[in-house]
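A short write-up of the structure that comes next.
What follows is calculated from the coordinates using simple rules that are stated; it is not laboratory data. Note that the structure is a prediction, hence the values are computed from the model and not measured. Virtual Cβ from ideal backbone geometry, glycine too; neighbours counted across all protein chains shown.
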Amino acid sequence: MERLLTIIFVYILVENFVLHRFFGICPFLGVSRKMETAIGMSMAVVFVMTMATLVTWLLYSFVLVPYNLEYLQIVTFILVIASLVQLVETTLRKISPTLYQGLGIFLPLITTNCAIMAVALLAVREEFTFVEAVVFGLAASIGFSLALVIMAGIRERLELAEIPDVLQGPAVTLITAGILSLAFLGFGGMFTL
Amino acid sequence: MIINGKLVVSSSPHIRSVESVQSVMTDVLIALFPAALMAVLLFGYRALITMIIAVLTAMLVEAVWLRKRDIFNDGSAAVTGLLLALILPAAVPWWVVVVGSASAIIIGKQVFGGIGYNIFNPALVGRVILVVSWGGHMAGDIWSTPHPFAFGFDVSTVTGATVLASPEKAVTFSLPEMFIGTIAGSMGETSALALLIGGIWLVYKGHIDYRIPGGFMATVFVLGVVFGGGFYGNHLMTGLFHLVAGGVMIAAIFMATDFVTTPVTPGGRLIFGIGCGLITMLIRLWGTLPEGVTFAILLMNALTPIIDNFTIPRQFGGVNNSA
Amino acid sequence: MKAGNVYLQDLSRGIINENPVFRLLLGMCPVLGVTAFFINGLGMGIAATAVLIASNVVISALKNYIPSQVRIPCFIVVIATFVTIIEMVLQAFQPDLYEALGVFVPLIVVNCVILGRAEAFASKKPLLRSLVDGIAVGIGFTLALGILALVREVFGQGTILGPDPDSAIQLFGAGFEPMGLFGQPAGAFIALGLLLGVVNIIFKKFNIK
Amino acid sequence: MQIIYAIIALGLLGLLFGLLLSMAARIFAVKVDPRVDRVKELLPGANCGACGYAGCVNFAEAYVEGRTSANGCIPAGKETSKAIAAILGQEVTESEPVIATVFCIGDNTKAADRFIYDGIEDCAVAGRFNDGFKACRYGCLGLGNCVRACPFDAVKMGSHGLPVVDQEACTGCGLCVNACPRNLIKTLPRSDQGHLVLCSSQDRGKSVSRACSVGCIACKACIKACPQEAIEMDDKLAVIDLDKCDDCGECVAACPPGTIHPRSAVPKKLGEEKEFAENAASAG
Amino acid sequence: MLMAKVFFKGGIHPEYQKDNTSTLAIVKMPLPQKVVVPMQQHIGAPCELLAEVEKIEKGVEVKTGQKLGDNKGFVSAPVHSPVSGKVVDVGLYSHPLGLKINAVTIESDGRDEWDDSIKPAGDLQSLSADDIRKTVREAGIVGLGGATFPAHVKLSPPEEKPIDVVIINGAECEPYLTADHRVMLEKSEDILFGLKAMIKALGAVEGIIGVENNKPDALQIMERLVAEEENIRVCSLPTKYPQGAEKMLIYVTTGRTVPAGSLPLEVGVVNHNVGTAVAISEAIREGKPLIERVLTVTGAGVNEPANVQVRLGTLATDVLDFCGGLKESTLKLIIGGPMMGLSQPEPDVPVIKGTSGILALTDEDVYLAESSPCIRCAKCVSVCPMQLMPTSIAQAAEHGDYKRAEKLYAMDCFECGCCSYICPSKIPLVQWIRIGKAEIMKRNNK
C-alpha cells in the first residue's frame, strides 16, 4: 500500500511526466490554451492512459514474454494504443460533440502522444506488478493532467498579456513550463521509490 | 466668459488618488529599508555591495529591454533586484548576483510582457534559477554567518549552515536571537524584527492584504506546532521556531504579497497564504530541501489564475445561488 | 530543371520554412528530453532521420496498396518496425548512446514528425520526392536538436562532445562554473523557449514565412 | 516457430481491434459531411470573421448548408472561391476586387478640436462624449478602431491622426468599414481611376468651414465645373459617380476647400500621408 | 442621536475640499436674463411640450411656475417655467448629459410674475396620502441628489411592499459639494416638514435623517429639531465615500441589505435627498413647483466659490459669472460632484433639477496621465462598496468578453468611481465597466 501511494506521489509531483520527463509535450502545448479543452483532454488522457497500461501490461506478461516475443513490444503496444484512442474518439464524437470540437485534431494526436506509449513502456521496464502498473498509469496521467490544467489557467491569463511578438505562443508557454518545472523541484526527494 | 485653452472631457470620476505604480513601488522599497539596513549591519559591506549590484543590474536590464532612458522607471525593477539580493547569502560571488538579477527581470518578467503580466514572482524566479545552477553558492554550508555590527568584515571567509539545515544545531540559538537576526542565513531573511517593521508599514499604507501573510504565517505556525516534533523545547516553541527561522518572514511579508502574481479576490488571497504555508512545511518537514518558501510561492503563483476563477466574491446584497 | 526545383523546394521547406521543431513544433518530447549533451541530441536526430527516411520511402512505395481506411495503423506498423530495428542497431553498436537516450528511442514511434510526414506527404507524393522530403525534414529535425543541445551543453556543462570524458572538450578553463539550470529539465524548456524567440527574430528579419 | 508465433499474435490482435473498432464505429456513428472538410482545407484559415461567421470551419459548414455563397470568403480571392464553388458544383458570380478608402482628410492640422478627450482610446466610446472631441461631428476621430479591426495589418494610423490603408495588404474584406462608428470607410473597386470627394460631413457649409479647412462646404462649384456631369449632391455632400468620371480634374481646380482629389493621389501606404497632407494644405 | 450600527465594506477617503464653501450661507442669484428649460430633467419618459406653449411657439408669454411640459407616463415629472417672460426659442440645446435635448428658451422680463395656479395645497393634517403624491407630482419634484428619479414614484410603493422607514439623505459624501450641508443648516424646518409629509404619504413608522459626521453643525441642528418628534431620529454616519449611495446608506442606518438588483422598497425603505424634502415642503406649504435649487459653485478654477440658489434653466455660464467667473487655469468643468459628475466641453449648459454643483478644476487637480497595465494590486476590489472585482470586469469588457463581465456582476456596479479613483495604474475602470454594462443591456434586450 505504501509503495502504491509512493508511486502516486512520485509520478504526480516529482517525476511529473510533462515537467520532468518530457512526455506528451505536443498536446501539452496544443490544448492548454483554454481551461475547458484542457479539462476535456485531461479526462481523455486519464482514461486512455490507465487503460493502455492495463492492456499492454497484460499483453506483455501473458503473450509476449511466454512466447519470447519481446521484440514485438513496440509494434503491439502502438497498435493497442492506436485502437484505444480510436475507440475514445468515436465514443466522444457521439456523446459530446462540443467537447469533440474543442479537442479537434488532438484526439487523433493522443495516438502519437508519447506519454501514453511511454507509460506502457516504462511500466514494463520498471518491472511493476500488475496493480502497480495500473496505479502508475493512473498517477502518470493525473500528473500530466495537473500540468495541463495549471498551464491552461496560466495561458488564459497570458491571453490578456502584452507578450513580445516573437515570444508569443509556444515560446512563452515553454518558458512558463520551465519555471513551473523549477517550482516542482521543491518536491524533489520528498518521495522515493 | 473667456477660456483660453480647451476643456478636458472625460468619464467620471474626475479626481484621482495621488497613488501611482511608482509611489507604490517606492513604498515597498521603503518597507524593505529596515531589512536592508539590518543586512548591512549583520553581514557587513559585502551585503551592501550585493544589494547594489542586484538593484543596478535589474534596473539596467529592464531599461535596456524596454529601451527607456529612465532606469528607475516605475520602480518595480529596483524592488525585484533588492528582494532578490535579500534572499541571497551575503557571501555569494558578484557574477551570480548579476545572472540572477538579469534572469529575474528577463525570464521572470519581461518575457511575459513586463509589469502586470508576469505569472511568477520575478525575484523568486531569479533565486530558483541560481539555486539549480550554482547550488554550491546558494545552499548548505554557504549560508553566511553574521558578525553583528562589524562593518567592513569580510563575510566570505566565515560561513555556516542555515538553522533549518540541522535543527539539532538550531537549539543553540535562542528565539530572541532569531528574532533580531544574529543567525546564519540569507542576508535579508534573518531579522524577523526588521521585516515585521516593513510589513507594518505596508499594511499601514494599505499595500498588502493581511490575509496572505496572516494565512501563511498561521499555517506555518500551526503545522510547526503539530508536526514539528517539538525539538525546540516544546511544541509551541517549535511553531515559533518555524516562523522566525529561514525565509518565512520575508516570504510571507514581501514575496507572497507581490501584487501581480497573487490572487485579487479576498478569499483567493487567504487560500493563497494557507497554500504557501502548507507547501513550505511539507517541504521542510518531509522533503530533502532545508527550506521550501521559494518553491511554495512559485507553485502557488502557478495556481493563482485558477484560484482567482474559483473565488469570485458575491456582490453586496447578492443572493446565494452560485452562477 | 523544373523537376530539380521541386526537390530543392522540398529540401528548403523541410529544413527551414517548415522546420518541424522551430516552425511546426512537432516531435518536441525528444527535443527536450535528450538534449543535455550535443552527442545525444545529434544521435537522436540521426536515429529519427533514419526512421523517417525509411518509413517515407516504404510508405510512398506501398501507398497504392494500402486501403485508406486503415492507412494510419499501417503507417504505424511500418514505423514501429523501423524503430525496432534502429533500437536493436543502437543497442548493438552504440550501447552508451542507447543507454543515454533511454526510453526515447522506442518513443520515436510516436513522434508526430514521422507520422505527420507519412500522412501528409509520403502517402500522396512519388517515391523520390518522399525520399527527399524525409531527408529534408530529418535534417531540419536534427539541426534543431543539435542547436539546442549545443546551447545546453555549452552553458550547462561548459563542455562540447561530452559526457564521455575521453571525447569531452572543456571550453572554458577550470575556473568556469557551468550554469546547472541548462542541465535540468526546466532548463530545457526555458532554453527552447528562448531559442524559439531567437529563431522568430531571425525569420522576421529575413522575412521568411 | 518464432515467426509463426509472431504472425499469429499480430494477426489475432489485428482481428480483435478491427472487430472492436468496427463495432464502435457502428454504435457511435456520426454523420459528418465530407464536403465541409474539403471546403475548410481550401480556406485561408485566418479566422478573420469577414464572412460573418465565427471562424473558417463555421463558414465551411454554412457554405455547405447553403447559407452563404462561395465568394463570401473575401480574403480567399478568385481562385479559391472558384475551387470552393466547384465542391458544390456551383459557378461563382465574379466579385470585383475592392479596397478600403477613408472618406475624411480632416487630419489634425486641418480640422479643429472642440475639447480634449481623456479616456479609453476607442472611436465609438469617444464619439459618445458630446458628439466627439472634433469640431466636425462627421470627421475621423483617429483613435484607431479600424486599425484594430484589420486582421491583415493593412490599416495603420498615420502621423497626422488619420488612418492610412496599405493598398498592398488590403484584401477588401470590409471589417474596417463596419468598425468605423462614423462610417467614414467605404470599399471601392480596386483602381486608380476617378476622383473622390474625401469628406463625409452633412453639416451646413458654414459650420463645416469653421470646423475643418478641407471639408465639403456644399458650394456645388464642382458640379458646375464637371463636364461629364458626374457629380451630384447627396444632401449637403458632393458625390462623384466613378463610372462617369474621366479624370479631367476640373473639379479639383474648382473646389474651394480642396476636398476633391484624384484616387491616384490618395496615400497608398504608411508614410505617404505626410506628402498628401502638405499638398492638400497648399491646394486649400 | 443614532450612531451607525454597521459599516459598509470598501469606500474611499478622498480629499473633501469642502471648507471653501461649507461656511458660506446660501446666496440667491438674481434672475437671469435667459433660461433654457430642457424637456428631460429626470429619469423616465421625457416631457412633451404642452399644447398651448407649442401653439404659440416663439413669442409666447409665460409666467413663473407655469407648466411647460409633461408626460402622461407614470415615471415622469413635469417641468415648469422658472421665470416670467417670453419664449424665444424651442429646439435642441446642449444638456449636461452631453447630448442635445429639446428645450424651451425663455427671455426673462425681470418681473417674476407667478402663475395663478400657484397656491398652497393645505396643511398636512387635512391632506390625504393621495393628495400629497399628487402635489409632489404636479410640482415636478425629482430626486435632487443627482439621480433625478421622480419623487412621487418613490412615494407610491406597490401594496404588497409596505414601507416602514423613510431615510433622508444628508450624507453629501461627494467631495467639494456643500449645498445639502447649507440646506440642512438653513432650511432644516422645511426638511422636517417634507419628511413628515413623506411619512404620511407612505404610512411609514419611522423617519431617519442620515448625516455624515464631518458636518457636526448640521447634525446638531437637526438633532435639536427632532428632539420632540417621537418617530424621527438623526443618524450620525462615518465620513466615507460613497456613504450617500442608496444601498450603503440603508445598510448603515438600518442594517438592512438591499438585495442585488432590487430597489430599497424591497426592504421596506424609501430614501430621499434633503433637497427633495425641502422641495416637497415648499410644494405643499406654498404650492411652489420645482423651479429653483441650491447648488455649490466651487473648485480652484472659480474665483468666488459659493452656495447659490438659482432658477432652473440658468446657464452655467451665468452662474459662473455670478461667482466671479472662471480662472484661466480651468481645465475641467463638471456638472455635479467630482466622483460622479459630468464633465462639460463648454459652460453653455443649463442648470437642471439634478445639478448639485458646478465644479471647475484646474490643472492641479486634473490627472491626465496615460494608464499603465494593471498590476493586480486589488485596491479596486477592496474599495468597491458593491464588493465587485472592477479590474476583472474592466478587463473582460476591454476584451469584448461581455458574458464574463456579466458573470462578474457588472450590472450591480452603480459607477461610484471608487475603483478609478484608487487605481495606481490610472486605468479608466468605470468607463470600461460602463461600456460593459451598456453592451450587456443591449444583448439582454435582444
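I want to make sure I understand the PRE zone here: with the label point 7 angstrom from the Cα of D:Glu65 toward its beta carbon, which residues in the stretch E:430-446 have backbone N atoms less than 12 Å away?
Residues passing the 12 Å test: none.
Sequence-distant or interchain residues sharing an amide H contact under 5 Å with E:Val37, placed H: which?
Long-range HN contacts for E:Val37: E:Val104, E:Thr105, E:Ile106.
If I model a spin label as a point 7 Å beyond the Cα along the Cα-Cβ vector, how far apart are those points for B:Lys6 and D:Met157 in nm?
Modelled inter-label distance: 1.5 nm.
Neighbouring Cβ atoms within 10 Å as the yardstick, rank E:Val308, A:Val166 fewest first. Show your work: numbers first, answer last.
On the way: E:Val308 26, A:Val166 17.
Exposure proxy ranking, most exposed first: A:Val166, E:Val308.
Determine ³J(HN,Hα), in whole Hz, for all residues of the stretch D:98-115 in sequence, where each value follows from phi through the Karplus function 6.51 cos²θ - 1.76 cosθ + 1.60 and θ = phi - 60°; x replaces Gly and Pro.
Each residue's phi maps through the Karplus curve to give 10, 9, 7, 9, 8, 9, 7, 10, x, 6, 6, 9, 10, 10, 7, 9, 8, 8 Hz.
Using the Karplus curve 6.51 cos²θ - 1.76 cosθ + 1.60 with θ = phi - 60°, what ³J(HN,Hα) values do you get for each residue of the stretch C:70-87, in whole Hz, with x for Gly and Pro?
For the stretch C:70-87, the Karplus curve yields 10, 5, 4, x, 4, 4, 4, 4, 4, 4, 4, 4, 5, 4, 4, 4, 4, 4 Hz.
Where does the charge balance sit around C:Gly197 when Lys and Arg score +1, Asp and Glu -1, over other residues with C-beta under 14 Å from its C-beta? Could you put the intermediate results ahead of the total?
Values: positive: C:Arg23, C:Lys204, C:Lys205; negative: A:Asp165.
Once positives and negatives cancel, what remains is +2.
Place a point 7 Å from the Cα of A:Glu162 along the Cα-to-Cβ direction; which residues of the stretch E:391-425 have their backbone N under 20 Å from it?
Once the point is set 7 Å along Cα→Cβ of A:Glu162, E:391-401, E:420, E:423-425 turn out to lie under 20 Å by backbone N, inside the stretch E:391-425.
Looking at the stretch A:109-165, which GluC sites (Glu not before Pro) are DSSP coil and have at most 14 other C-beta atoms within 10 Å of their C-beta? Don't jump to the answer; show the numbers that get you there.
Numbers: sites: A:Glu126, A:Glu127, A:Glu132, A:Glu156, A:Glu159, A:Glu162; in loops: A:Glu126, A:Glu127, A:Glu159, A:Glu162.
Counting only loop positions with at most 14 other Cβ atoms within 10 Å, the GluC sites (Glu not before Pro) in the stretch A:109-165 are A:Glu126, A:Glu127, A:Glu159, A:Glu162.
Can you figure out the FRET efficiency of E:Phe414 with C:Ile85, using R₀ = 56 Å and their beta-carbon distance, to the nearest 0.05?
Working: r = 73 Å, r/R0 = 1.31.
About 0.15, to the nearest 0.05.
Among rounded, prolate and oblate, which fits chain A when a ≥ b ≥ c are the square roots of the eigenvalues of its C-alpha gyration tensor, a/c under 1.5 means rounded, and a/b larger than b/c means prolate?
Working: a/c = 2.18, a/b = 1.37, b/c = 1.59.
Note, shape of chain A comes out oblate.
Farthest toward the dipole's positive end in the protein assembly as shown, which of E:Gly65, A:Tyr71, E:Pro238, given Cβ charges of +1 (Lys, Arg) and -1 (Asp, Glu) about the Cα centre?
Selected residue: A:Tyr71.
With each pseudo-label sitting 7 Å past Cα toward Cβ, what's the D:Lys274-E:Lys442 distance in nm, one decimal?
With each label placed 7 Å out from Cα toward Cβ, I get 3.8 nm.
Write out the chymotrypsin sites (Phe, Trp or Tyr not before Pro) in the stretch C:139-175 meeting two conditions: DSSP loop, and at most 13 other Cβ atoms within 10 Å of their Cβ. Intermediate values should be presented prior to the final figure.
Details: sites: C:Phe141, C:Phe155, C:Phe172; in loops: C:Phe172.
Passing both the DSSP loop test and the Cβ count: C:Phe172.
Can you figure out the FRET efficiency of C:Val57 with B:Trp95, using R₀ = 41 Å and their beta-carbon distance, to the nearest 0.05?
Numbers: r = 52 Å, r/R0 = 1.26.
Between C:Val57 and B:Trp95 the formula returns 0.20.
What does the charge count around E:Glu304 come to, taking other residues whose C-beta lies under 13 Å from its C-beta (Lys +1, Arg +1, Asp -1, Glu -1)?
Details: positive: E:Lys327; negative: E:Asp321.
Here the count lands on 0.
Let's see if you can work this out: charge +1 on each Lys and Arg Cβ, -1 on each Asp and Glu Cβ, no other charges. What is the dipole magnitude of chain E about its Cα centre, in debye to the nearest 20? List each step's numbers first, then the result.
Numbers: 47 positive and 56 negative charges, 279 e Å.
Around 1340 debye, computed over chain E.
Taking the beta-carbon count within 10 Å as an exposure proxy, list B:His137, E:His80 from fewest neighbours to most. Intermediate values should be presented prior to the final figure.
Working: B:His137 19, E:His80 26.
The order, fewest Cβ neighbours first, is B:His137, E:His80.
Pairing the Cα long axis of helix B:235-244 with the longest principal axis of chain B, what angle in degrees results, from 0 to 90 and rounded to the nearest 10?
On a 0 to 90 degree scale, this one is about 60.
What is the distance, in nm, between label points placed 7 Å from the Cα along the Cα-to-Cβ direction at A:Ser61 and at C:Asp166?
4.1 nm
Angle, helix A:73-95 long axis vs. longest principal axis of chain A, Cα atoms, 0 to 90°, nearest 10?
It works out to around 50 degrees.
Amide H neighbours of B:Val8 under 5 Å, counting only residues 5+ apart in sequence or on other chains, H built in-plane at 1.01 Å?
Residues meeting the criterion, in which the H sits 1.01 Å from N, are D:Ile116, E:Lys332, E:Leu333.
By count of other Cβ within 10 Å, fewest leading, how are B:Lys68, B:Lys205 ordered?
On the way: B:Lys68 12, B:Lys205 15.
With the fewest neighbours first, B:Lys68, B:Lys205 line up as B:Lys68, B:Lys205.
Label 7 Å along Cα→Cβ of E:Gln220; the stretch E:1-22 residues with amide nitrogen under 18 Å?
E:1-2, E:19, E:22
Could you tell me which of E:Ala129, C:Gly156, A:Phe22 has its Cα farthest along the dipole of the protein assembly as shown towards the positive end, charges placed at Cβ (Lys, Arg +1; Asp, Glu -1), taken about the Cα centre?
Farthest towards the positive end: A:Phe22.
From the phi of every residue in the stretch C:34-51, what ³J(HN,Hα) in whole Hz does the Karplus formula 6.51 cos²θ - 1.76 cosθ + 1.60 yield, where θ is phi - 60° and glycine or proline is x?
These are the phi-based 3J(HN,Hα) values: 10, 9, 5, 10, 4, 4, 4, x, 5, x, 4, x, 5, 4, 5, 4, 4, 4 Hz.
For B:Phe295, what is the net charge nearby, where nearby means another residue's Cβ is under 12 Å from its Cβ and Lys, Arg count +1, Asp, Glu -1?
Working: positive: B:Arg127, B:Arg284; negative: B:Glu291.
Taking every Cβ under 12 Å from that of B:Phe295, the sum is +1.
May I ask you to list the aspartates and glutamates whose Cα is less than 13 Å away from that of E:Lys72, ignoring any residue fewer than eight positions away on the same chain?
Hits, sequence-local ones excluded: E:Glu48, E:Glu138.
Tell me which residues come under 5 Å, amide H to amide H, from E:Ile12 once H is placed; ignore anything under 5 positions away on its chain.
E:Tyr241
In the structure shown, do any of E:Lys67/E:Lys215; C:Lys63/C:Lys204; E:Lys34/E:Lys332; D:Lys206/E:Lys332 have a Cα-Cα gap over 30 Å, and if so which? Don't jump to the answer; show the numbers that get you there.
Working: E:Lys67/E:Lys215 37 Å; C:Lys63/C:Lys204 38 Å; E:Lys34/E:Lys332 24 Å; D:Lys206/E:Lys332 28 Å.
Pairs exceeding the cut-off: E:Lys67/E:Lys215; C:Lys63/C:Lys204.
Once Lys and Arg get +1 and Asp and Glu get -1 on their Cβ, which of A:Ser83, A:Met117, A:Thr53 lies farthest toward the positive end of the dipole of chain A?
Sorting the options by dipole projection puts first A:Ser83.
With a ≥ b ≥ c taken as the square roots of the eigenvalues of the C-alpha gyration tensor of chain E, please select rounded if a/c is under 1.5 and otherwise prolate if a/b is larger than b/c or oblate if it is not? Walk me through the intermediate numbers first.
Values: a/c = 1.44, a/b = 1.18, b/c = 1.21.
Rounded shape, in that the Cα axes give a/c under 1.5.
In degrees, nearest 10, range 0 to 90: what is the angle between the Cα axis of helix C:185-205 and the longest Cα principal axis of chain C?
70 degrees
In debye, nearest 20, what is the charge dipole magnitude of the stretch E:230-371 about its Cα centre with +1 on Lys and Arg Cβ and -1 on Asp and Glu Cβ, if you could check? Mind showing how you got there, number by number?
Details: 11 positive and 16 negative charges, 143 e Å.
About 680 debye.
Please get the size of the charge dipole for the protein assembly as shown, origin at its Cα centre, with Cβ charges of +1 on Lys and Arg and -1 on Asp and Glu, quoted in debye to the nearest 20. Don't skip to the end; give the middle numbers.
On the way: 112 positive and 126 negative charges, 415 e Å.
Dipole size: approximately 2000 debye.
Sort the stretch A:113-164 into rounded, prolate or oblate with this rule: let a ≥ b ≥ c be the square roots of the eigenvalues of the Cα gyration tensor; rounded if a/c is under 1.5, and if a/c is not under 1.5, prolate when a/b is larger than b/c, oblate otherwise. It would help to have the intermediate numbers written out before the result.
Working: a/c = 5.75, a/b = 3.11, b/c = 1.85.
Judged from the Cα gyration tensor, the stretch A:113-164 comes out prolate (a/c at least 1.5, a/b above b/c).
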